[in-house]
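Peer 1: The structure under discussion is supplied below as structure tokens; questions concerning it will follow.
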Amino acid sequence: MWLIMTSLAAIITTAIWYINAPNDKYKLGLLSLIFWGATIMWFVDAVMAHLIDGEDFFEITPDAALLGLAVIILALTVWEIALLLSDPKKIFKNTPGQFQKS
Amino acid sequence: MACFLVPMGEAIVTSVIQRSVEKKEKKSGEGNAGQTGLRWSHKLSWLNKMLWGGVILLALEHVWHGEVTPWPPFLTAMKNPADVAPMLHEMATVGTAMAVTVTAVWALMVIAVELMIRGIHNAKIRIVEEVE
């Protein structure tokens, strides 16, 4: 289930990245590559487990769906940290006084 | 069990290579950008992002399934000597296949981008030649 959810996230983020390309101010390229990397790895894992051990290709259970959600949350968190550290809108660099006032 | 450690090892190596290539490109000015105008350090960053992204998300999956713990020996399979050999076998087969597949996809991405931009470049030259 997490393979399906990660694949879907990879396809959606790649489409959003392409719509905005070549402008990648908000690092959507990074987010899509994170999702694609995980999708490829889980796909290989699923294929080999299916061929070698005869396991089901997709594990469709509530626990697997919850893991899929947790994986997406982690990827979004990593992307958001990278986004805030790079600060493309210069929010933290140009307006430090505004944060002190509030 | 611990298959993600193989792509993690590759990610460490490729990150070091990317840093070294970046330094060389800065020293030599523009660097070897090829016909696409894309530097090798930029192309290597795609591979690193895929490898590190995959490793981080797979690490969560392993923690979720109780195969990795935040305390020593970190890998659950290391607790039982009988589980060590299957773990190493899985790393050698599944882990290596993961690392090879991600690298192959990255290589195809680089080739596709080079060919596409080379095609556009050649088409522009043809138009200029026709106009002249």
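Peer 1: Can you check what the Kirkwood hydrodynamic radius comes to for the protein assembly as shown, Cα pairs only, in Å to one decimal?
Peer 2: Kirkwood hydrodynamic radius for the protein assembly as shown: 20.1 Å.
Peer 1: Between B:45, B:28, B:15, where does the largest GNM mean-square fluctuation fall for chain B, given springs only between Cα atoms within less than 10 Å?
Peer 2: Top of the fluctuation ranking is B:28.
Peer 1: Could you work out how far helix B:81-90 tilts from the main Cα principal axis of chain B, as a 0 to 90 degree angle to the nearest 10?
Peer 2: The two axes meet at around 20 degrees.
Peer 1: Between Rg and the Kirkwood Rh of region B:62-132, both from Cα atoms, what is the Rg to Rh ratio?
Peer 2: 1.47
Peer 1: How big is the B-A contact in terms of buried accessible area, both chains counted, 1.4 Å probe, rounded to the nearest 100 Å²?
Peer 2: Summing both sides, the interface buries roughly 2000 Å².
Peer 1: Could you work out the helix-only [θ] at 222 nm for chain B, with each DSSP H run of four or more residues adding -39,500 (n - 2.57) and the total divided by the number of residues, to the nearest 500 deg cm²/dmol?
Peer 2: It lands at -25000 deg cm²/dmol.
Peer 1: Hey, another quick one. Over region A:2-101, what is the relative contact order in whole percent, taking alpha-carbon pairs under 8 Å and six or more residues apart?
Peer 2: Normalised by residue count, the contact order of region A:2-101 is 36 percent.
Peer 1: Quick one: pull the percent of accessible area on the protein assembly as shown belonging to carbon and sulfur, 1.4 Å probe, ligands and nucleic acids left out.
Peer 2: 69 percent
Peer 1: Evaluate peptide B:105-113: per residue, the Cβ atoms of other protein chains within 10 Å of its Cβ; return the mean as an integer.
Peer 2: Other-chain Cβ atoms within 10 Å of each residue's Cβ, averaged: 1.
Peer 1: Kindly tabulate the residues in region A:51-96 with an accessible-area decrease of at least 40 Å² between the chain alone and the assembly of all protein chains, using a probe of 1.4 Å.
Peer 2: Residues shielded by partner chains are A:67, A:74.
Peer 1: Determine Rg/Rh for chain A; Rg is computed over alpha-carbon atoms and Rh is the Kirkwood hydrodynamic estimate from the same atoms.
Peer 2: 1.14
Peer 1: So what is the relative contact order for chain B, in percent, with contacts set as C-alpha pairs under 8 Å and at least six apart?
Peer 2: The value is 38 percent.
Peer 1: Roughly what angle does helix A:2-20 make with the longest principal axis of chain A, taking Cα atoms, 0 to 90 degrees, to the nearest 10?
Peer 2: Tilt of helix A:2-20: around 40 degrees.
Peer 1: In degrees, nearest 10, range 0 to 90: what is the angle between the Cα axis of helix A:62-86 and the longest Cα principal axis of chain A?
Peer 2: 30 degrees
Peer 1: Loop-only check: which chymotrypsin sites (Phe, Trp or Tyr not before Pro) in region A:1-83 are DSSP coil with at most 15 other Cβ within 10 angstrom?
Peer 2: Passing both the DSSP loop test and the Cβ count: A:57, A:58.
Peer 1: With +1 assigned to the C-beta of every Lys and Arg and -1 to the C-beta of every Asp and Glu, and no other charges, what is the dipole magnitude of the protein assembly as shown about the Cα centre in debye, to the nearest 20?
Peer 2: Approximately 1440 debye in magnitude.
Peer 1: Are there any GluC sites (Glu not before Pro) in region A:53-93 that are in a DSSP loop and have at most 13 other Cβ atoms within 10 Å? List them by number.
Peer 2: Answer in residue order: A:55.
Peer 1: Okay, next question. For region B:5-131, just run the numbers: alpha carbon Rg, then divide by 2.2 N^0.38 Å, N being how many residues it has.
Peer 2: That ratio works out to 1.48.
Peer 1: Using the charge dipole of region B:5-131 (Lys, Arg: +1 at Cβ; Asp, Glu: -1 at Cβ; taken about the Cα centre), state which of B:65, B:54, B:81 has its Cα farthest towards the positive end.
Peer 2: Sorting the options by dipole projection puts first B:54.
Peer 1: Hey, which lysines would be in cross-link range of residue A:27, C-alpha to C-alpha under 26 Å, not counting anything within fewer than 8 residues on its own chain?
Peer 2: A:89, A:90, A:93, B:23, B:24, B:26, B:43, B:49
Peer 1: A further question on this structure: Can you give the charge dipole size of region B:5-131 about its Cα centre, rounded to the nearest 20 debye, using +1 on the beta carbon of Lys and Arg and -1 on the beta carbon of Asp and Glu?
Peer 2: Dipole about the Cα centre, nearest 20: 540 debye.
The values are calculated or read from the model by the stated rules, or taken from the named source; none is laboratory data. A quick note: this is a predicted structure, and the numbers were derived from the prediction, not measured. Because the Cβ atoms are built from the backbone with ideal geometry, glycine has one as well, and the counts that use them run over all protein chains shown. Each accessible area value is taken on the protein alone, full model and side chains, heavy atoms only, with ligands, DNA and RNA left out. Shrake-Rupley method; radii C 1.70, N 1.55, O 1.52, S 1.80 Å.
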